[in-house]
Amino acid sequence: MRVAAAQFTCAPTDVRVNIGQMVRLAEQAGADSAELIVFPELAVTGYELAATAADERLWLRADDPRLDPLRTTGIATVVNCAAPALDGHRPVIATYVYSAAGDLLTTCHKQHLFEEEQRFFTSADKDGRFELQGLRFSLATCFDNHFPDLVDRIADDGCDVHLASALYGTGRGIAERASIYPGIADRADVYVALANHVGPAGPVTGCGRAALWDTDGTLLAEADEQTPMFVVADIG
C-alpha cells in the first residue's frame, strides 16, 4: 500500500479554502499512486483554538457536506478538525477517516490536550482503529503520541501502521518530531506517517517535515521545512 503524509499552511478559520488545499494534495497524491493521505491537526480550520471553539459553524460532523470534496478524491483521507461537543459546550479535536469510496471508516477524538487546548476543547478516551487493504491502522493526534501507553496499546492491538495528525513548531518541535515518531515505529513495530503544518499556524510556526518511517524507525520519506507538499512511501 502506498501512503502519503501532507503538510500545508492553513488559512485561519477558512474551511472552504483549507478543504480546497487538502483536495488538491489528495488528488496529486492519488496521481502519484497513493491510496491514503493523512493531513495535519485541525487542518480544516487551522490551529486557531479560541476562534474555532467559539464558532459552532467551524465544528464539522463526519457527514458535513463541506467535506464532500475530500470524500470524492478517489483515495482514502485522514481528516482532522473540530467536531461538535461531547460535554455540551466545548468541541473535540476529531479525526475522520474516509475510504476511497467516501465511506466513513472510523472516528476518533484527541485524548491528551496540549496546554491552551485544555481551555477550549474536550478530551476523549477512545483509541482510533480501522482496517484497509488487509492492514490494521491506529490513529493519534499530536500530543497523544507522547504517551508511552499509546505505544503499548498499538503493539498489543496488532496494528501495522500508525497515522499521526500533528502540529510541531520550529522551536523544540523539530527535535520532538524527530525522536517521538521513529521511536513509536521501532517500539510498536509499525510503519508511521506524520502530517504536520508548515508556516504560520495560530501562535506557532509549523516546522513542516511531514514524514514516514519504517517499522524499525528508519526514515522512508521526509518533506522540507517550508513547502506545502506531501511525501509518499510504500508500506506493508
Search result, residues across the stretch 190-207 that are over 15 Å from TYR47 (Cα atoms) and either hydrophobic (A, V, I, L, M, F, W, C) or in contact with a Cys (Cβ under 9 Å, 6 or more places away or on another chain) (or both) = VAL190, VAL192, ALA193, LEU194
Identity of the residue in the stretch 158-177, hydrophobic (A, V, I, L, M, F, W, C) and in a strand (DSSP E or B), that ends up surrounded by the fewest Cβ atoms within 10 Å (Cβ to Cβ) = VAL161
For ASP214, indicate whether it is charged (D, E, K, R), open to solvent by less than 50 Å² (accessible area, probe 1.4 Å), modelled with pLDDT of 95 or more and out of contact with any His (no Cβ under 7 Å at 6 or more places or on another chain).
-> yes
For the stretch 32-55, state whether one or more residues are of a type outside the set (Gly, Ala, Ser), touching a Pro at 6+ places or on another chain (Cβ under 9 Å) and under 22 Å from ASP103 (Cβ atoms).
-> no
Over the stretch 111-136, the set of residues in contact (Cβ under 8 Å) with a residue 40 or more places away in the chain and surrounded by 16 or more Cβ atoms within 10 Å (Cβ to Cβ) is GLU117, PHE120, PHE121, LEU132, LEU135
Considering PRO12, PRO40, which residue is more than 17 Å from the chain's Cα centre (by Cα), at negative phi and touching a residue at least 60 places away in the same chain (Cβ under 8 Å)?
-> PRO12
Run THR141 past the list (1) surrounded by 17 or more Cβ atoms within 10 Å (Cβ to Cβ); (2) over 22 Å from GLU225 (Cα atoms) and report the number of the one that doesn't hold.
-> (2)
Residue count, the stretch 44-66, condition touching a helix residue (DSSP H, G or I) at 6+ places or on another chain (Cβ under 6 Å), in contact (Cβ under 8 Å) with a residue 40 or more places away in the chain and open to solvent by less than 10 Å² (accessible area, probe 1.4 Å), comes to 1
Quick check, is PHE143 aromatic (Phe, Trp, Tyr), in a strand (DSSP E or B) and modelled with pLDDT of 95 or more?
-> no
Only one of ASP149, ASP125 is more than 19 Å from VAL190 (Cβ to Cβ) and at pLDDT below 95; which?
-> ASP125
What tally of residues in the stretch 67-99 results from selecting those that are over 17 Å from ALA6 (Cβ atoms), open to solvent by less than 10 Å² (accessible area, probe 1.4 Å) and out of contact with any Lys or Arg (no Cβ under 6 Å at 6 or more places or on another chain)?
-> 5
Test result for ALA155, closer than 22 Å to GLN226 by Cα, aliphatic (A, V, I, L, M) and outside any strand (DSSP E or B) | no
Kindly provide the set of residues from the stretch 40-55 that are touching a Ser or Thr at 6+ places or on another chain (Cβ under 8 Å) and of a type outside the set (S, T, N, Q), ordered by number.
-> PRO40, GLU41, LEU42, ALA43, GLY46, GLU48, ALA51, ASP55
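The values are calculated or read from the model by the stated rules, or taken from the named source; none is laboratory data. As the structure is a prediction and not an experimental result, all values here were calculated from the model. Backbone-built Cβ (ideal geometry, glycine too); neighbour counts: all protein chains shown. All accessible areas refer to the heavy atoms of the entire protein, side chains included, with ligands and DNA or RNA removed. Shrake-Rupley method; radii C 1.70, N 1.55, O 1.52, S 1.80 Å.
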